[in-house]
Every structure is written in structure tokens, then in C-alpha cells.
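The block underneath contains the structure these notes are about, expressed in C-alpha cells.
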């Protein structure tokens, strides 16, 4: 990542991104897929992301989200200031639902920052940190489903 916004608290690109988050469990691509599969029945019924068993939160830039995201994921971009306690609480029914944070992979600091920030917000639900996310060692490696565009979900994940 070239330039990182200092005001968001994102680390410089040369700084290694932690592979764990103190706020929750780090999950592998396979574990993230298993968590996603629990969402499929609700996705097929057209449920809102806040009604899914686990809310997938994508804190990447909107342009990354539009290009490809996990079905049902909500885009709360950190750089744009949309990742706030209010937006997270709205998305997760008051901070009580399970939530999974992911971004562009091992070199993307956004999901780690979102995970740690959720803890400072006093998040009460289970937190998952998908470290490899949309990077080559993550979702694409296991052929995880993706959708494009601004819609968080598809009727046929």
C-alpha cells in the first residue's frame, strides 16, 4: 500500500501487519469459509447483513469492495471515516452479533485496525480476524465466493 492516512491510525506499509488481533480469534481461510456457510441460508432468503449469524465487515476502500467482496459483507471503509461505533453497532445489532473482519490480505492493515478498534468500542459479540482475507493466501486460494458491485449480498451465493 503506497500512502497510508495517518489520521486513520493505519500503520506504514513497511510495518508488518500483525497476524493476530487481541480482540478476537484469528481464522484461516477454511475457517472463514465454514463461518460463511452458516450465513448461506439467510443470504438465500435475502436477509440483511445484520440478520446473518455472523456479519462480515469489509473495511477496505469502496473501490476494492466494488471489485470483489464476500457475499453479505458490509463495507465500512476506514479511510473514509465510515467505520465508527455507530455504524458498527447498526450493522451488528448493538455490537452483540458475531463479526468477522477482513481486507486485502497479509499486507493490508485495515482489518487488523477494525478488529482492535471494535474492542475499544466495547464490542460484546464474538470477533473473528481473517488475516489473509482477500489476499492470495486467503479467500481466493480456497475459491471462496465473491460478488461485485455495491450490493452486500446476492440471492445465490
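The values are calculated or read from the model by the stated rules, or taken from the named source; none is laboratory data. Every value quoted in this text rests on a predicted model; they were computed, and no experiment measured them. Note: ideal-geometry Cβ built from the backbone for every residue, glycine included; neighbour counts use all protein chains shown.
The figures follow:
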| item | result |
| --- | --- |
| Failed item, numbered, when residue 40 is tested on (1) at pLDDT 95 or above; (2) under 21 Å from residue 111 (Cα atoms); (3) assigned to a helix (DSSP H, G or I) | (2) |
| Number of the condition not met by residue 57 [criteria: (1) assigned to a loop (DSSP other than H, G, I, E, B); (2) at pLDDT 95 or above] | (1) |
| Within segment 106-116, tally of residues that are over 13 Å from the mean Cα position of the chain (by Cα) and closer than 15 Å to residue 76 by Cβ | 0 |
| Test for residue 129: is it closer than 29 Å to residue 86 by Cβ, in contact with a helix residue (DSSP H, G or I) (Cβ under 8 Å, 6 or more places away or on another chain) and not in a loop (DSSP other than H, G, I, E, B) | yes |
| Within segment 98-115, tally of residues that are part of a loop (DSSP other than H, G, I, E, B) and either surrounded by fewer than 19 Cβ atoms within 10 Å (Cβ to Cβ) or at positive phi (or both) | 3 |
| Condition check for residue 118: modelled with pLDDT under 95 and on the phi < 0 side of the Ramachandran plot | no |
| Filter result for residue 83 (in a loop (DSSP other than H, G, I, E, B), at pLDDT 95 or above, surrounded by 21 or more Cβ atoms within 10 Å (Cβ to Cβ) and within 16 Å of the chain's Cα centre (by Cα)) | yes |
| Looking only at segment 18-34, and only at residues there that are buried (at least 19 other Cβ atoms within 10 Å of the Cβ) and part of a helix (DSSP H, G or I), the one that is nearest to the chain's Cα centre (by Cα) | 32 |
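For (1) within 17 Å of residue 142 (Cβ to Cβ); (2) in contact with a helix residue (DSSP H, G or I) (Cβ under 8 Å, 6 or more places away or on another chain); (3) surrounded by fewer than 21 Cβ atoms within 10 Å (Cβ to Cβ); (4) in contact (Cβ under 8 Å) with a residue 24 or more places away in the chain, each residue gets a yes or a no:
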residue: 43; (1), (2), (3), (4): no, no, no, yes
residue: 61; (1), (2), (3), (4): no, no, yes, no
residue: 64; (1), (2), (3), (4): no, no, yes, yes
residue: 74; (1), (2), (3), (4): no, yes, no, yes
residue: 88; (1), (2), (3), (4): no, yes, no, yes
residue: 96; (1), (2), (3), (4): no, no, yes, yes
residue: 119; (1), (2), (3), (4): no, no, yes, yes
